[in-house]
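The values are calculated or read from the model by the stated rules, or taken from the named source; none is laboratory data. Just so we're clear, the structure is a prediction, and the values are computed from it rather than from any experiment. With ideal geometry, Cβ positions are generated from the backbone for all residues, glycine too; neighbour counts draw on all protein chains shown. Side chains included, ligands, DNA and RNA excluded: accessible areas come from the protein's heavy atoms. Shrake-Rupley method; radii C 1.70, N 1.55, O 1.52, S 1.80 Å.
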Amino acid sequence: MNQAPNSAASEALVVALTPGQTSALKLAKLGDLHPQNAKTWTHLDATVTYARSDRFKERPIKVKTATTATVERLQELGLIESVDGSSGTTAPQKITMAGKLWLLKHK
């Protein structure tokens, strides 16, 4: 009954992430990341939105993005993975359980 924990998941929990990597992981938690331009990743069909409390729609909220280098680093750590299981850099990415656990542990 006593099984050794998955080494990749346990290693991912002790790793320290930069603020940019943390925000990219939070972005992946909200939904799958898709490649947009040459070096940016964001949600599929992401558009500029406006604050709910802004009656006159004067202050747009920018689309949050992550860089390709950040996405590749999170893949190496096992915090995100390809949606369809392929290893290409243009495949959509989703957060793994190790990524969710890292966010819970390191708010």
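Some notes on this structure:
- Among the residues of the stretch 26-77, those identified as among the aliphatic types (A, V, I, L, M) and in contact with a Lys or Arg (Cβ under 9 Å, 6 or more places away or on another chain) are 27, 28, 30, 33, 46, 48, 51, 69.
- Residue that is surrounded by the fewest Cβ atoms within 10 Å (Cβ to Cβ) [pool: residues in the stretch 1-25 that are modelled with pLDDT of 90 or more and touching a Lys or Arg at 6+ places or on another chain (Cβ under 8 Å)]: 23
- Residue 98 being in a loop (DSSP other than H, G, I, E, B) and within 18 Å of residue 26 (Cβ to Cβ): no
- Cross-chain or 6+ apart pairs with Cβ under 7 Å, the stretch 34-55 first and touching a residue at least 24 places away in the same chain (Cβ under 8 Å), then basic (Lys, Arg) and in a loop (DSSP other than H, G, I, E, B): 42/64
- Note on the stretch 51-66: among residues that are open to solvent by less than 70 Å² (accessible area, probe 1.4 Å) and of a type outside the set (Gly, Ala, Ser), the one that is modelled with the lowest pLDDT is 54.
- Within the stretch 26-46, if we keep just the residues that are of a type in the set (A, V, I, L, M) and out of contact with any strand residue (DSSP E or B) (no Cβ under 7 Å at 6 or more places or on another chain), the residue that is least open to solvent (accessible area, probe 1.4 Å) turns out to be 46.
A quick yes/no check of all residues on (1) in a strand (DSSP E or B); (2) under 23 Å from residue 103 (Cβ atoms):
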residue: 22; (1), (2): no, yes
residue: 37; (1), (2): no, no
residue: 44; (1), (2): no, yes
residue: 64; (1), (2): no, yes
residue: 69; (1), (2): no, yes
residue: 73; (1), (2): no, yes
residue: 81; (1), (2): yes, yes
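- The residue that is nearest to residue 29 (Cα to Cα), counting only those in the stretch 79-95 that are open to solvent by less than 30 Å² (accessible area, probe 1.4 Å) and in contact (Cβ under 8 Å) with a residue 24 or more places away in the chain, is 95.
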